[in-house]
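This report refers to the structure that appears directly beneath it.
The values are calculated or read from the model by the stated rules, or taken from the named source; none is laboratory data. Predicted model, so just to flag it, every value in this text is computed and none were measured. Methodologically, a virtual Cβ is constructed for each residue, glycine included, from the backbone with ideal geometry; neighbour enumeration extends over all protein chains shown. Note: areas computed on protein heavy atoms with side chains; ligands, DNA, RNA excluded. Shrake-Rupley method; radii C 1.70, N 1.55, O 1.52, S 1.80 Å.
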Amino acid sequence: MKTSPLLSLKNDLLAGIVVFLIALPLCLGIANASGVAPISGMIAGIVGGLVVAALSGSSISVSGPAAGMIVIVVGAIAQLGSFSAFLTAVVLAGIFQIVFSLLKAGRFAAYTPSSVIKGMLAAIGILLIVKQIPLALGMEEDGSSHAGAASVVRTAFGHVSVTAAGIALLSLLILFTWETKKMRRYAIVRSLAAPLVVVAVGIAITWLLDMTSPHLAPPSEHRVDLPALRSLEDLTKTFVFPDLGQLWRFDVWTVALTLAIVASLETLLSLEAVEQLDRSKRRADPNRELAAQGVGNLVSGALGGLPITSVIVRGSANVHAGARSKLSAIFHGALLLICMFALDELLNLIPLACLAAILLHTGFKLAKPSIFLATAKQGFYYFAAFSATIIGVIAFDLLMGILIGLGTCIALTLTVNLRNTFTFAQYDNHYLLVFRKDVSFLGKVMLRRHLLSIAPDSALIIDANHVDYIDPDIIEFIHTFTEEGRNRNIKVNWHNLHVDTSPATKRTMLEMSKTAA
């Protein structure tokens, strides 16, 4: 049954409003956590809605700044020394993503082990929690922002604002209880996003304190600081442009490649997850999505915005809100743009403690204890790769953590394959070597140890019934062992020689078999 165009448009507009209400606090919070101006997060959200959504082949995916990129952004800005140099890396990352799409690299995301992906997300969650706690407490070393405030407590770690801590605790209480079964029984809870409620409560508290007890209100340094925009000219004046003079720096290109790889990986995984939620089971071309994300990052970086990825939180909200086409994502981007012009005074009442609480909640969902327990139950090898990825991300950076996780997976896979390549059994002076699967050159060391343990005046039976391929190195070694074994009166018999190998190797195997016979 076809849906009428008017009904589809209505559903898309309503879904766009829902996504906008979720995206607004996240754009501001991610920008703040990244140590950049709030407008950079808004620019990324607007570009994600107006540019990426228009070019994307997905009907339901929503793009914008992602919490998972905060770790890279903070480290990259510190490494490169300036935000303008970082923006150059963002522009280059967009170009890299376009190249990835031309190389049809979208299919490679499917090869990333889930243990590495879960480890990456858990590490991001841990880092978010660690980095947002001081902000949630309004913590400062010297307390300069709180000068004259009556709500400041001096601790061993610095000056803590009781007001900020109270706002953060209240925000966390709302976030953790909003989606419980008991609360979801109420229609108003089901119709409002928890981050939006937290922001609304934060604005109300700030406004009341400003009116009644200014000495208790969060200082301006601990609030959102969006510039007043009344025209497109005002908007263009706020843009920070990339410093193209930094293109000669090797570390700019390294950061760009890191951004491109991680953003592409997060985009493709988010796209796959959101598509699984879609009742219509629509599938988008991953390579087209990479190209759209590449153009989006190129534009966002050129205008002073944060890196963009497809984001599962906004995408899943879009699906659940009933979106029928990409118009919902485009509409959410338009609303973010309008919001920058019409609501800057209201948004500047948002306490940073509210945004920190939203990211603390996000971090907890990414790294909650149940994820560690569930991963541990899946076995040692799975948990080892998961843990190695977490340690790598925390100790180094996101890309290095992913590479360490992948390296751990490969090493463990090789270990398992080597351990299970063959079985070796002995009964008196009779020995049995059974190949259990394809045999690579990596099994040579273990095989050598077993064969050299065979005593003189013995018989060895080699059964290749369950193997399709034996590496020529293995065949050559067994051939050498057979020749030398005659001097020790060791007889070698081959069984089931239907192995997929080169003609020369197969002739060697037949010769060994005839000689032994």
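Quick look at the numbers
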| item | result |
| --- | --- |
| Accessible surface of the range 1-109 [probe 1.4 Å, protein heavy atoms]: carbon and sulfur percent | 73 percent |
| Size of charge dipole - the chain - debye, nearest 20, with Cβ of Lys, Arg +1 and Asp, Glu -1, no other charges | 1580 debye |
| Cα-projected label distance for F372 with D285, points at 7 Å along beta-carbon direction, nm | 4.4 nm |
| Cα centroid separation - the range 227-296 against the range 320-388, whole Å | 16 Å |
| Over 24 Å between alpha carbons, listed pairs K444/K491; K131/K365; K182/K377 | K182/K377 |
| Other-chain or far-sequence residues with amide H under 5 Å of T309's (modelled H) | G64, A66 |
| Order of exposure, largest accessible area first, which applies to C339, C409 with probe 1.4 Å | C409, C339 |
| Directionally averaged projected area (convex hull, Cα atoms, the chain), nm² | 33.7 nm² |
| Solvent-free Debye scattering, log10 I(q)/I(0), computed from the Cα coordinates of the range 1-135 at q = 0.10, 0.13, 0.14, 0.21 Å⁻¹ | -0.44, -0.74, -0.85, -1.45 |
| Restricting the range 224-284 to trypsin sites (Lys or Arg not before Pro) in coil, as DSSP defines it, with at most 10 other Cβ within 10 Å | R230, R279, K281 |
| Under the Karplus curve 6.51 cos²θ - 1.76 cosθ + 1.60, θ = phi - 60°, whole-Hz ³J(HN,Hα) for the range 50-61, x wherever Gly or Pro sits | 8, 9, 4, 4, 5, 8, 5, x, 8, 8, 10, 5 |
| Residue-wise HN-Hα coupling along the range 240-257, computed from phi with Karplus coefficients 6.51, -1.76, 1.60 (Hz; x: Gly, Pro) | 10, 9, x, 8, 5, x, 8, 4, 6, 6, 5, 5, 5, 5, 5, 4, 4, 5 |
| Of all accessible heavy-atom area on the range 198-339, the percent that carbon and sulfur account for (1.4 Å) | 67 percent |
| Kirkwood hydrodynamic radius of the range 260-345, Cα pairs, Å | 14.1 Å |
| Y469 accessible area, assembled protein chains, probe 1.4 Å, Å² | 90 Å² |
| Contour excess over end-to-end distance, with Cα ends at L9 and L102 and 0.36 nm allotted per residue | 30.2 nm |
| Whole-Å distance, taken between Cα centres, linking the range 410-468 and the range 149-223 | 65 Å |
| Average accessible surface area per residue within the chain, 1.4 Å rolling probe, Å² | 47 Å² |
| Linear extension gain, I410 paired with V445, 0.36 nm per residue minus alpha-carbon span | 10.7 nm |
| R0 of 51 Å, Cβ-Cβ distance D251-K182: FRET efficiency to nearest 0.05 | 0.50 |
